[in-house]
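Participant: Have a look at this one before I ask anything.
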Amino acid sequence: MEFLTNEKLTIVGAAGMIGSNMAQTAAMLKLTPNICLYDVYEPGLEGVTEEMRHCGFEGVNFTFTTDVKEALTGAKYIISSGGAPRKQGMTREDLLKGNAGVAEQLGKDIKSYCPDVKHVVIIFNPADITGLVTLIWSGLKPSQVSTLAALDSIRLQSELAKHFGIAQSEVTGCRTYGGHGEAMAVFASTAKVAGTPLTDLIGTSKLTNEQWEEIKQKTVQGGSNIIKLRGRSSFQSPAYVSVRMIEAAMGGEEFAWPAGRYVSFAGIDHIMMAMEVTITKNGSAYEEVVGTAEEMDALKKSYEHLVTMRQEVIDLGVVPPVEKWGEINPNLK
């Protein structure tokens with residue numbers, strides 16, 4: 001049985017719905033035979049492990065533990081969904097205080113038990129901030145920590161495909177940047193519908209300005225809509241997309257959707273947010289976002305929203321002021 005790597009992949013929060021789906025997806029994609037499942041809830045964790053064994057994945061060795069040191073020691077890749085999920089009526093930002101503390105501890109544990117980890121993907125909300133906090137305390141390089149943001153761009157693709165009645169794959173270049181939350185910046189200038197620039201369609205009978213505004217709102221509210229429809233936060237899509245991210249970091253197919261990344265450029269400084277990112281075995285690399293004046297203004301507003309949340313975790317004492325980050329993590333100087 002041929003796997004992408006034999007190195008250890010640890011899934012944090014594996015007893016949950018996202019974590020268990022990540023375990024199954026990683027095995028189905030044959031990423032590694034060495035998958036460690038970690039959670040503090042032992043009965044659920046053991047149950048997930050039993051289910052994975054019952055799938056009969058050839059050559060995959062699932063281990064499980066409630067001991068974080070055991071889980072992280074020797075890990076080369078980590079995906080964490082180990083925070084509280086969003087419930088109906090909540091925004092991603094509502095999860096800030098508790099999950100920021102979870103991210104702080106995760107970062108410290110990475111630094112203690114697996115400082116030579118190659119790549120970490122953070123998906124628990126608010127992912128921009130939890131990813132930032134994890135990065136600061138882990139001591140890792142910015143290219144080694146990514147957050148889940150691609151869902152927003154994929155949701156935009158889905159909404160456009162439904163509107164035009166075409167295959168989702170025929171809608172290309174869909175991009176949302178900035179925060180993975182209510183203040184995300186939805187771009188039109190990058191997208192094409194069956195080869196036609198989206199900007200040529202907006203304002204016509206094929207896609208009125210009102211319809212475009214509705215599609216943008218559906219994109220922004222994509223996660224909350226899943227909660228309304230299913231009674232729980234989405235789990236299949238974040239699990240699949242996050243595993244594809246770690247697959248790229250392992251040297252598999254390049255991940256070319258926007259992803260959360262620590263950036264500093266053109267007045268946007270010391271923040272983790274959705275960017276034009278490429279993930280490979282060398283880590284994540286980003287390009288500066290280019291858009292219309294209106295789109296760039298929306299991106300700036302999204303950044304300012306993230307700065308407000310960043311200040312909140314500073315005020316809570318989860319991380320020190322920005323100017324002191326380099327004392328904790330020299331890679332952020």
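The values are calculated or read from the model by the stated rules, or taken from the named source; none is laboratory data. What you are looking at is a predicted structure, and each value in this text was computed from that prediction instead of being measured. No Cβ is skipped: glycine too gets one built from the backbone with ideal geometry, and neighbour counts run over all protein chains shown. Please note that ligands, DNA and RNA were not included when accessible areas were found on the heavy atoms of the full protein model with its side chains. Shrake-Rupley method; radii C 1.70, N 1.55, O 1.52, S 1.80 Å.
Participant: So how strong a dipole does the chain carry about its Cα centre when Lys and Arg Cβ are +1 and Asp and Glu Cβ are -1, to the nearest 20 debye?
Facilitator: Working: 31 positive and 39 negative charges, 43 e Å.
That gives the chain a dipole magnitude of about 200 debye.
Participant: Can I ask one more? Among Thr278, Thr176, Thr199, determine the one that fluctuates most according to a GNM of the chain built with springs between C-alpha atoms less than 10 Å apart.
Facilitator: Thr199
Participant: Need the full-extension length gain, Gln221 to Thr73, defined as separation in residues times 0.36 nm minus the C-alpha distance. One decimal, nm. Mind showing how you got there, number by number?
Facilitator: On the way: separation 148, 0.36 × 148 = 53.28 nm, distance 3.81 nm.
Computed gain between Gln221 and Thr73 is 49.5 nm.
Participant: Of the beta bridges DSSP finds with both residues in the range 167-318, what % are antiparallel, to the nearest 5?
Facilitator: On the way: 21 of 22 bridges.
DSSP beta bridges in the range 167-318 are roughly 95 percent antiparallel.
Participant: Quick one: dipole size for the range 175-305, taken about the Cα centre, charges +1 on Lys/Arg Cβ and -1 on Asp/Glu Cβ, in debye to the nearest 20. Working shown, then result.
Facilitator: Numbers: 13 positive and 16 negative charges, 119 e Å.
Here the size comes out at about 580 debye.
Participant: For Ser237, Ser80, write out the residues from largest to smallest accessible area, computed with a 1.4 angstrom probe and no ligands counted.
Facilitator: Details: Ser237 50, Ser80 0 Å².
From most exposed to least exposed: Ser237, Ser80.
Participant: Going through the DSSP H helices of the chain, which span 30 Å or more along their own axis at the Cα atoms while scoring at least -1.0 as a mean Kyte-Doolittle hydropathy? Walk me through the numbers before you get to the answer.
Facilitator: On the way: long enough: 293-315 (33 Å, -0.65).
Both cut-offs are met by 293-315.
Participant: Still on this model: Can you give me the % of accessible surface on the range 198-333 that is carbon or sulfur? Probe 1.4 Å, all protein chains present, nothing else counted. Walk me through the intermediate numbers first.
Facilitator: Numbers: 3210 of 6760 Å².
The C+S portion of the solvent-accessible surface of the range 198-333 is 47 percent.
Participant: Moving on to the next point. Report Ser169's accessible area, 1.4 Å probe, all protein chains in place, as a number in Å² to the nearest 10.
Facilitator: Ser169 exposes around 90 Å² with every protein chain in place.
Participant: Which residue, Leu198, Thr219, Ser237, has the largest displacement toward the positive end of the dipole of the range 140-282 when charges sit on each Cβ (Lys, Arg +1; Asp, Glu -1)?
Facilitator: Ser237
Participant: Separate question: Return the long-range amide H neighbours of Ala149 (sequence gap of 5 or more, or a different chain), with a cut-off of under 5 Å between placed amide H atoms.
Facilitator: For Ala149, the qualifying residues are Gly260.
Participant: Another question about this same structure. Counting helices only, and only those DSSP H runs with n ≥ 4, report the 222 nm mean residue ellipticity of the chain as the sum of -39,500 (n - 2.57) divided by its residues, in deg cm²/dmol to the nearest 500. Mind showing how you got there, number by number?
Facilitator: On the way: 12 runs with 142 residues, N = 333.
Computed ellipticity for the chain at 222 nm equals -13000 deg cm²/dmol.
Participant: Check Phe64: other-chain or 5+ apart residues with amide H under 5 Å from its amide H, H built from backbone geometry?
Facilitator: Those qualifying (amide H under 5 Å, at least 5 residues apart or on another chain) are Leu37.
Participant: Mind checking which aspartates and glutamates have their C-alpha under 13 Å from Lys216, skipping anything on the same chain fewer than 8 residues away?
Facilitator: Asp152, Glu159, Glu182, Glu295
Participant: Further question on the same structure: So for Asp315, Asp116, Asp128, what's the accessible-area order with a 1.4 Å probe, most first?
Facilitator: Asp315, Asp116, Asp128
Participant: If you take the square roots of the eigenvalues of the alpha-carbon gyration tensor of the range 236-333 and sort them as a ≥ b ≥ c, do you get rounded (a/c under 1.5), prolate (a/b over b/c) or oblate? Before the final figure, lay out each step's value.
Facilitator: Working: a/c = 1.80, a/b = 1.30, b/c = 1.39.
Since a/c reaches 1.5 but b/c is at least a/b, the shape of the range 236-333 is classed as oblate.
Participant: To continue, here is another question. Could you list the residues of the range 33-77 with an amide nitrogen less than 16 Å from a label point located 7 Å from the Cα of Ser112 in the Cα-to-C-beta direction?
Facilitator: Under cut-off, by backbone N: 39-40, 66-75.
Participant: Test of understanding: in a Gaussian network model of the chain with alpha carbons linked when under 10 Å, which of Tyr262, Tyr286, Tyr77 would top the mean-square fluctuation ranking?
Facilitator: For the chain, modelled as a Gaussian network with Cα springs under 10 Å, the answer is Tyr286.
Participant: Something else about it: Below 8 Å, C-alpha to C-alpha, sequence gap of six or more: please give me the relative contact order for the range 71-202 in percent.
Facilitator: Working: 216 pairs, mean separation 26.2, N = 132.
The value is 20 percent.
Participant: Identify which of Ala127, Ala103, Ala194 has the largest mean-square fluctuation in a Gaussian network model of the chain, with springs joining Cα atoms closer than 10 Å.
Facilitator: Ala194
Participant: Here's a follow-up. Determine the alpha carbon to alpha carbon distance for each of Lys69/Lys111; Lys162/Lys301; Lys97/Lys333 and list only those over 19 Å. Walk me through the numbers before you get to the answer.
Facilitator: Details: Lys69/Lys111 11 Å; Lys162/Lys301 28 Å; Lys97/Lys333 26 Å.
Over 19 Å apart, Cα to Cα: Lys162/Lys301; Lys97/Lys333.
Participant: Could you sort the peptides 27-40, 45-58, 147-160 by per-residue average Cβ neighbour count (10 Å cutoff), highest mean leading?
Facilitator: Values: 27-40: 20.7, 45-58: 15.0, 147-160: 24.9.
Listed from highest to lowest mean packing, they are 147-160, 27-40, 45-58.
Participant: How much accessible surface does Trp137 have with a 1.4 Å probe, in Å² rounded to 10?
Facilitator: Here the accessible area works out near 50 Å².
Participant: Could you give the accessible area per residue of the chain, probe 1.4 Å, as a whole number in Å²? Please list the in-between numbers first.
Facilitator: On the way: 14230 Å² over 333 residues.
I get 43 Å² per residue for the chain.
Participant: Given a Förster distance of 25 angstrom, what is the FRET efficiency for Thr308 paired with Asp269, based on the Cβ-Cβ distance and rounded to 0.05?
Facilitator: Working: r = 14 Å, r/R0 = 0.57.
It comes out at approximately 0.95.
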